[in-house]
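The values are calculated or read from the model by the stated rules, or taken from the named source; none is laboratory data. Predicted model only: the values in this text are computed from it and were never measured. All Cβ positions, glycine included, derive from the backbone under ideal geometry; neighbour counts span all protein chains shown.
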Amino acid sequence: MQKITTAAQMRNMDRIAMHGVYAMAPVVLMENAGHAVAERAGAWLDGWDGKDVVLFCGKGNNGGDGFVIARHILAAGARVYVYVLGKEEDYSDEARQHLHTLQQLADEETCLLLSAPQSDADWQLLQKRLLASSVVIDAMLGTGFHGSLRQPLASIVAEVNAAAAAGAVTVIAVDMPTGVNSDTGAVSNGDDDEDGPLFADMTVTFGALKRGLVLYPGRACAGHVEVDPIGMPGPLLMQLEENPAYLLQESDIAEIVVPRSPDSHKGTHGTIAIVTGSSQMAGAALMAAHGAVRSGAGKVFLRVPGATAPYCIGVQPEIMVRGVGTGDHFTAADADEIIAESKNWSVLAMGPGLGRDAETKEFLLKVLAAVTCPVVLDADALNLLAGEKALIASRGSRIIMTPHLAEFSRISGLSMAEIKADPIAAARQFASEWKVNLVLKGAPTLIVSAKTGNVYVNSTGNAGMACGGMGDVLTGMIAAMIAHQGMSDLCSAACAGVYLHGAAGDACRKDHGPYGFTPMETADVLPQVLASLEEDLALPILQQPLIGGK
Ligand SMILES: NC(=O)C1=CN([C@@H]2O[C@H](COP(=O)(O)OP(=O)(O)OC[C@H]3O[C@@H](n4cnc5c(N)ncnc54)[C@H](O)[C@@H]3O)[C@@H](O)[C@H]2O)[C@@H](O)CC1
Ligand SMILES: [K+]
């Protein structure tokens, strides 16, 4: 599983690598970092031979990495213009040492060392060089960046972005794209194009992923990301255990969503109860139930308020629908019937289209206090339970809450700005206080384990999924995953549901276009997504075809 770190954790790791028992020379770590970029970017670009490269080296250690890169790509046949943006005397010892080595290689033909542009003529020359080159390497700022870009970096970044937009160059970022905060993903100058961040085609990052490479808006600046261990001692990388966060990838999901046993039956795959809806919003209930059906649930029961039932019965034959009571929303009087039935359920999901009537809150409180199966809470259930931390916490981590950002703001009491400043910390804090597994829906969606506090950052999904009903489908999918054969805990089920939901959205984007595909269509491609997940897995021996087939 790919770990995600903060700048402070990286600095700590660097410090132990250099000054602890490992006693690695700083100059060696920097050499490894620069060499890793030359190698990985070279492989990605089909080699350096004959390429004209413009390389910008900032005044910190990110710039020092740049001096190493210059030496390696020169040896590999590139012609390189190196802009040295810091003063020699201000560089760290290791960066200055690499600059000295590079200075010995400088000539007029293949390696030109230049200082920061000052006059109009300098800027015009820089523009010309950018347009005439094929690759730009950004070694201006890495994990040391914060705030908004100062000059001359802001103007250089604007020139690089303009050259890239003109289709002239491929942009490689070293460790972080310049202008992206490595801890938060915040970018220089927010939405303003002026003084904004650099947009890279590829980023080679060191040691571990940085949060700013997986959180938006920074993630959109990074392009293709590769992580290189740069020779850090293995135990140090393993030690990044404090407040760990991980990127969820296909290989992680393939490990938890294992193929079904060939002798399984519908009882093996769970009885999923979706208890939700109101007459105004019957569709939300149906979409949640459909999400569960398409995720392979053994049986799906939909329980809706009595007056809502006529809109749901017969819509989809595989969903077993029944009305409870006679109203158009649930009330406390409906709770006993649900509690009695729940003894046969593997999981209960509530919230989509539930409505926010005070009587429905009484129903929810009564049901939650009595049922013993795991519960998924979404949408209006979250709004109604906003002040009920003690009741939720008393359920012993048997709940998954799935708020989007606005719902999360309402229940946590945090402002949007506070959440966006550090979503990973906000999500982790909430899961710990409420003792729940949390799915904080957004771009990207974060999942927090109630048991461990580990945070998982989803890597699938796209903006086409930003439409009503997608969350309802997700609720049903997560509920079905809880009952999936071999699923070890609620957090794993939440991770699987979120990842597969995003992957299904990505498949729809590919098939239908960037947006306009529906939540029901998204649920419908799930079997194909599961098929691609199983492709690389060996089939259990009994499932291998005996005759023919592949
Ligand atoms: N031993 C280490 O610490 C290693 C560090 N490495 C590299 O070193 C980088 C971190 O080095 P540093 O801590 O020197 O930081 P950076 O090189 O990322 O940046 C530091 C400089 O950025 C300036 N700065 C900050 N915000 C700015 C803004 N808004 N506008 C303009 N300038 C701004 C600061 O004044 C400082 O001079 C990593 O990203 C990585 O590339 C690698 O060499 C691997 C080893
Ligand atoms: K950089």
*Count of the stretch 123-150 residues which are of a type in the set (S, T, N, Q) and either free of Cβ contacts under 8 Å to residues at least 12 places away in the same chain or within 16 Å of ligand 1 (Cβ to nearest atom) (or both)*: 3
*Residue match in the stretch 219-228 (condition: in the same structural domain as ILE16 (by TED's automatic domain parsing), crowded, with 24+ Cβ neighbours inside 10 Å and modelled with pLDDT under 95)*: no
_Subset of the stretch 167-208 [of a type outside the set (Gly, Ala, Ser), under 20 Å from the mean Cα position of the chain (by Cα), away from ligand 1 (no atom under 12 Å from the Cβ) and farther than 27 Å from GLU418 by Cβ]_ = PHE199, ASP201, MET202
*Taking ALA288 as the residue in question, decide whether it is closer than 26 Å to LEU530 by Cβ, touching a residue at least 12 places away in the same chain (Cβ under 8 Å), among the aliphatic types (A, V, I, L, M) and surrounded by 24 or more Cβ atoms within 10 Å (Cβ to Cβ).*
yes
*Would you call ALA17 assigned to a helix (DSSP H, G or I) and out of contact with any Leu (no Cβ under 8 Å at 6 or more places or on another chain)?*
no
*Among what's in the stretch 79-104 and is within 19 Å of LEU131 (Cα to Cα) and touching a residue at least 40 places away in the same chain (Cβ under 8 Å), pick the residue that is nearest to the chain's Cα centre (by Cα).*
TYR83
*Any residue in the stretch 151-180 that's under 27 Å from THR5 (Cβ atoms) and touching a residue at least 40 places away in the same chain (Cβ under 8 Å): show its pairings with residues that are of a type in the set (D, E, K, R) and within 8 Å of ligand 1 (Cβ to nearest atom) at Cβ separation under 8 Å, as long as the two are six or more apart or on different chains.*
VAL174/ASP65; ASP175/ASP65
*Quick one: how many residues across the stretch 39-53 are crowded, with 24+ Cβ neighbours inside 10 Å and away from ligand 2 (no atom under 14 Å from the Cβ)?*
1
*Residues within the stretch 171-214 that are assigned to a strand (DSSP E or B) and not aliphatic (A, V, I, L, M), tallied*: 4
*Failed condition for ALA168, given (1) assigned to a loop (DSSP other than H, G, I, E, B); (2) within 19 Å of CYS57 (Cβ to Cβ), with all others met?*
(2)
*From ASN12, ASN62, ASN32, grab the single residue that is in contact with a Gly (Cβ under 8 Å, 6 or more places away or on another chain) and farther than 28 Å from ASP122 by Cα.*
ASN32
*When you scan the stretch 321-342, how many residues do you find that are within 24 Å of ARG294 (Cα to Cα) and surrounded by fewer than 15 Cβ atoms within 10 Å (Cβ to Cβ)?*
1
*charged (D, E, K, R), farther than 28 Å from ALA8 by Cβ and more than 16 Å from ligand 1 (Cβ to nearest atom): does that describe GLU159?*
no
*Which members of the stretch 63-87 meet the condition of being under 15 Å from ALA116 (Cβ atoms) and within 16 Å of ligand 2 (Cβ to nearest atom)?*
GLY63, GLY66, VAL82, TYR83, VAL84, LEU85, GLY86
*Please identify the pairs in which a residue from the stretch 494-517 that is at pLDDT below 95 has its Cβ atom under 6 Å from the Cβ atom of a residue that is crowded, with 24+ Cβ neighbours inside 10 Å, counting only partners at least 6 apart or on another chain.*
none
*Got at least one residue in the stretch 348-364 being at pLDDT 95 or above, within 29 Å of LYS266 (Cα to Cα) and part of a helix (DSSP H, G or I)?*
yes
*When the stretch 117-147 is examined, which residues are found to be within 16 Å of ligand 2 (Cβ to nearest atom) and surrounded by 14 or more Cβ atoms within 10 Å (Cβ to Cβ)?*
VAL135, VAL136, ILE137, ASP138, ALA139, MET140, LEU141, GLY142, THR143, GLY144, PHE145
*Of all residues in the stretch 165-207, how many are small (Gly, Ala, Ser) and within 16 Å of ligand 2 (Cβ to nearest atom)?*
9
*On the given criteria, is ALA358 surrounded by fewer than 16 Cβ atoms within 10 Å (Cβ to Cβ) and either within 34 Å of the chain's Cα centre (by Cα) or within 22 Å of ASN383 (Cα to Cα) (or both)?*
yes
